[in-house]
Amino acid sequence: QVQLVESGGGLVQAGGSLRLSCAASGSIVSIEVMRWYRQGPGKQRELVAAITRDGSTNYADSVKGRFTISGDNDKNTVYLQMNSLKPEDTAVYYCNAPTVRITAGIVFGSWGQGTQVTVSS
């Protein structure tokens, strides 16, 4: 009922930048929070950044000052601008919407399929 599609991953050298996008589709009325998670090789999935509908943001300490999350409520899309990338940022990045209000009710726990980000040293 709700689909999240990420794009923008790829291979970049250390110090470079990438911009990820996550577009939500379906019979969406509103989305209160959208989050980016990542899972590196052999690591647990971790929260990278989150944004609320009113624009409040928070970040993992490891990305503060380098990553910026933003959103477009009209397009149900969230972005993650990643600058000064490091090899340790290498991971699959996932978009998450914990609750999505749709015309038929509420959908919990929507996830995208992930997009690979690889940072070479």
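Brief remarks on what is shown
- For segment 29-73: rounded, prolate or oblate by the Cα gyration tensor [a/c cutoff 1.5]: oblate
- Using the 1.4 Å probe convention, the accessible area of the chain works out to 51 Å² per residue with neighbouring protein chains retained.
- Taking a Cβ cut-off of under 15 Å around Ser7, the surrounding Lys, Arg, Asp and Glu residues balance to a net charge of 0, with basic ones at +1 and acidic ones at -1.
- Per atom type, the chain shows carbon and sulfur on 46% of its accessible surface, probed at 1.4 Å.
- Count Lys and Arg as plus one, Asp and Glu as minus one, and take only other residues whose Cβ is under 13 Å from that of Gly55; the net charge is then -2.
The values are calculated or read from the model by the stated rules, or taken from the named source; none is laboratory data. Owing to the predicted nature of the structure, the values given are computational and were not obtained by experimental measurement. Here Cβ is always computed from backbone atoms with ideal geometry, including for glycine, and neighbour counts include all displayed protein chains. Side chains included, ligands, DNA and RNA excluded: accessible areas come from the protein's heavy atoms. Shrake-Rupley method; radii C 1.70, N 1.55, O 1.52, S 1.80 Å.
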